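Notes for the one structure printed next.
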Amino acid sequence: PLSPAAVVGAGLGGSASAYFLQQHFGPQVQLDVYEAEGVGGRLATVTVNKQQYESRGASIHALSLHMQDFVKILGLKQRREVAGKSAIFSGEHFVLEETDWYLLNLFRLWWHYGISFLRLQMWVEEVMEKFMRIYKYQAHGYAFSSLEELLRSLGGEAFVNMTQRSVAESLLEVGVTQRFVDDVIAAVLRSSYGQSVLVPAFAGAMSLAGAQGSTWAVEGGNKLVCSGLLKLTKANVISARVTGISLHSSEGRALYQVHYESTEGQGSAFYDLVVVTTPLHPSRSNFTFENFDPPIADFPGAFQPSVTSVVHGYLNSSYFGFPDPKLFPFTSILTTDTPDLFFHAMDNICPVNISAAFRRKQPQEAAVWRVLSRQPLDKAQLKTLFRSYYSVQVTEWQASPRYDAAKALPPVVLHESLFYLSGVEWVASSMEMVAVAAKNVALLAYNRWHQELEKIDQKDLMHKVKTEL
């Protein structure tokens with residue numbers, strides 16, 4: 001039997017991994033979860049006027065089945081969505097404005113961009129429909145030893161290729177116009193990844209699915225999912241930074257020594273199985289692997305720095321062409337890829353706890369805005385966006401991979417029972433992608449441990465799952 005297992009990191013990836021490992025190996029597994037900073041990882045909140053607001057990972061796509069499950073199992077609630085309108089700003093004018101009328105929106109998109117809009121929808125839907133097969137495969141216990149194999153089982157070589165070519169190229173190929181790519185696609189990718197239409201097609205499709213579908217969030221903050229899953233699995237959370245892993249063997253099995261630093265000093269512990277859910281890129285961690293033969297290779301690629309500014313203040317609506325703030329109709333502003341635009345997107349955000357009586361602030365009132373940008377905003381830039389403000393809280397973080405730098409996808413298996421989760425973000429970076437990868441790693445670890453190799457990297461799974469049903 002598997003005795004102790006370790007998970008490095010207590011963000012969504014770490015807490016979901018702990019939950020799924022326990023689900024598959026059984027409640028007797030001892031789980032140690034190492035976390036240096038705080039449970040929740042990038043799912044964090046900031047406080048303004050005694051209210052909490054999401055500072056980053058904010059919305060969850062309607063089709064995120066693992067996330068929905070977590071919320072149900074933990075007795076959490078989906079937060080009420082507060083309606084609002086969005087628009088795309090070019091630095092000089094709005095290139096696209098949303099209205100209250102869904103049909104009018106379609107008409108406007110149609111009028112501006114003709115059939116491009118329809119072609120985009122068909123393209124995204126086809127990708128999502130194939131991606132949704134993963135839930136069926138996982139329910140039947142199938143796992144994949146690499147991200148390429150996982151993608152191949154869902155959408156063949158075409159899915160693997162979508163991690164290697166840009167979303168712009170893929171969309172132009174299916175007949176979407178350059179103008180639509182520049183105006184609409186660019187704005188969505190800037191708001192979700194802070195990057196251009198050169199991000200890979202697969203990551204682009206996932207982000208576009210979130211932009212056109214309905215999204216939700218967790219009442220009380222998305223990070224409650226992490227603390228909830230860790231509590232549910234009764235995991236032993238150790239506040240320490242893991243510095244490295246060294247390999248030992250005992251009775252023909254690999255044994256891993258996890259080295260860590262905490263406020264008490266340095267320590268280490270031995271495990272049968274380890275899942276690393278923190279990024280192993282040199283820019284993000286100085287993590288060493290010892291006694292591995294062949295050695296564990298370096299992880300290429302870099303991360304995109306991103307800045308979130310949560311500003312409590314009065315919007316300067318005249319910058320957007322509305323001298324009278326009362327008439328400003330938008331709660332969310334996306335931007336096109338214009339060189340002199342210093343921000344990627346801004347939203348008038350609601351607190352993580354929304355009462356039944358809650359109403360959104362009127363545009364002429366002081367509201368809490370979340371501004372996404374690449375660099376911290378200077379005084380002049382803040383004065384451009386806001387007439388005046390009470391407070392600004394800045395979070396700088398490594399948001400998602402720098403997709404243009406990616407050539408090959410990172411491995412999932414580093415050694416016999418040593419697994420790497422964060423590589424999935426190079427396919428696409430979203431809460432649900434991380435949850436899917438956590439379930440895959442737990443199934444992979446289980447199938448390898450019990451030598452159930454027919455459950456790993458199976459070909460023609462669609463057919464197999466149909467016959468099993």
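Here are some notes:
- Conditions (1) touching a residue at least 12 places away in the same chain (Cβ under 8 Å); (2) touching a Pro at 6+ places or on another chain (Cβ under 9 Å): number failed by A44: (2)
- Residue list for region 218-253, restricted to those being among the hydroxyl-bearing types (S, T, Y), open to solvent by less than 10 Å² (accessible area, probe 1.4 Å) and not in a loop (DSSP other than H, G, I, E, B): S246
- Taking region 8-38 as the range and being within 19 Å of the chain's Cα centre (by Cα) and of a type in the set (A, V, I, L, M, F, W, C) as the test, the residues that pass are V8, A10, L12, A16, A18, F20.
- Within region 408-463, considering residues that are charged (D, E, K, R) and within 18 Å of R133 (Cβ to Cβ), the one surrounded by the most Cβ atoms within 10 Å (Cβ to Cβ): K439
- L418 vs. criteria at pLDDT 95 or above and farther than 30 Å from E365 by Cβ: yes
- Residue match in region 2-16 (condition: open to solvent by 10 Å² or more (accessible area, probe 1.4 Å), among the β-branched types (V, I, T) and touching a residue at least 60 places away in the same chain (Cβ under 8 Å)): no
- Options F299, F303, F342: the member that is modelled with pLDDT of 95 or more and either among the hydrophobic types (A, V, I, L, M, F, W, C) or over 30 Å from Y403 (Cβ atoms) (or both): F342
- Considering region 150-168, and only residues there that are within 20 Å of N440 (Cα to Cα) and of a type in the set (G, A, S), the residue that is surrounded by the most Cβ atoms within 10 Å (Cβ to Cβ) turns out to be S153.
- Residue tally, condition part of a loop (DSSP other than H, G, I, E, B), open to solvent by 30 Å² or more (accessible area, probe 1.4 Å), without any contact (Cβ under 8 Å) to a residue 60 or more places away in the chain and in contact with a Gly (Cβ under 8 Å, 6 or more places away or on another chain), over region 275-333: 1
- Helices (runs of 4 or more DSSP H) contained in region 133-215 and holding at least 1 residues at positive phi: 147-161
The values are calculated or read from the model by the stated rules, or taken from the named source; none is laboratory data. These numbers were taken from a predicted model, which means no experiment stands behind them. Positions of Cβ are backbone-derived with ideal geometry, glycine not excepted, and every protein chain shown enters the neighbour counts. Surface accessibility is based on the protein's heavy atoms, side chains included, excluding ligands, DNA and RNA. Shrake-Rupley method; radii C 1.70, N 1.55, O 1.52, S 1.80 Å.
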